[in-house]
Amino acid sequence: MIKYRCLFLGDFYRNRLIDGKLYDDHNFYNFQIEVIIPIDYDTEEEATHCPCSLRFELDDDGHAVLRIYSDWKQGIDKNGEWFEHVDGNIIDTIKWEEHWKYKISKSKVISKNMKLVCDGLTDYVPDATPWDELFDIENQPKGWVNTVEPLAYGISIVQQKQEQGCEPA
C-alpha cells in the first residue's frame, strides 16, 4: 500500500537578544531546513495540505531541538496585523544528532547581503553546525523559541508492507 508524506521546506535566521527582545540576526546566515513530516496520508492531495509547523525550542535538558507541531495559525489579528504561529500538539521532537530526519543548509553570504530571490541549489551549502552553537543557546532567554517559516511543501512516497494475516481472503 502506498502512503504519502509532506516534505516541509522552511527557512530561519539565528536569533539575537537586543534590549530583552529577540530579533532575527541578519548579520549572520540564512538557513533552510527540509523535514519529512512523520504522518502518513492516503492521498497526495491530503499530504499537500498538511497543516504542520516547525519550531526550534529548548528541550528539558537545555539543548535546542526541532519540534514538529500538528497545526499552525495565520491571518490578520484585531489590530489589522499579520500573525503566523505554531499550534496544536507535538508530533515529533528532533535532536541535532538525528541527522537522518532532516537536511539543513546555510546561505553562502550573510543574510543582509543575500539576493532578493535565492536558489536553494546554488546559493546554499550543506551545514552541520550544532544547533546549540548556531543559536548561541547559553545566551538565550528562558523560554527561547525560533519558528521556521514555511517556504514550500513537497510530497514523499512511502511504501508500506501489508501485515501478515491481514489480507482479505
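Data table
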| item | result |
| --- | --- |
| Long pairs among 95/115; 73/101; 3/78, criterion Cα-Cα beyond 29 Å | 95/115; 3/78 |
| Extreme residue, positive dipole direction of the range 2-159, given options 143, 62, 130 (C-beta unit charges) | 130 |
| Candidates 148, 86, 109, ranked by Gaussian network fluctuation over the chain, Cα under 10 Å, top entry | 109 |
| Neighbourhood charge, 11 Å Cβ-Cβ cut-off, centred on residue 125 and excluding it, Lys, Arg +1 and Asp, Glu -1 | 0 |
| In the range 107-144, the trypsin sites (Lys or Arg not before Pro) that fall in loop regions by DSSP, at most 12 other Cβ within 10 Å | 115, 142 |
| Within the chain, longest stretch clear of exposed GluC sites (Glu not before Pro) (DSSP loop, no more than 15 other Cβ within 10 Å) | 1-80 |
| GNM flexibility winner over the chain from 76, 37, 94 (Cα, springs under 10 Å) | 76 |
| Loop-located trypsin sites (Lys or Arg not before Pro) in the range 1-89, at most 12 other Cβ atoms within 10 Å (DSSP) | 78 |
| Where only alpha carbons of the chain are counted, the Rg and the Dmax (Å) | 18.0, 69 |
| Gaussian network model of the chain, Cα within-10 Å springs - most flexible of 147, 43, 122 | 122 |
| Separation of the residue 137 and residue 82 label points, Cα + 7 Å toward Cβ, nm | 3.1 nm |
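Values in this text are rule-based calculations from the coordinates and carry no lab data. A quick note: this is a predicted structure, and the numbers were derived from the prediction, not measured. All Cβ positions, glycine included, derive from the backbone under ideal geometry; neighbour counts span all protein chains shown.
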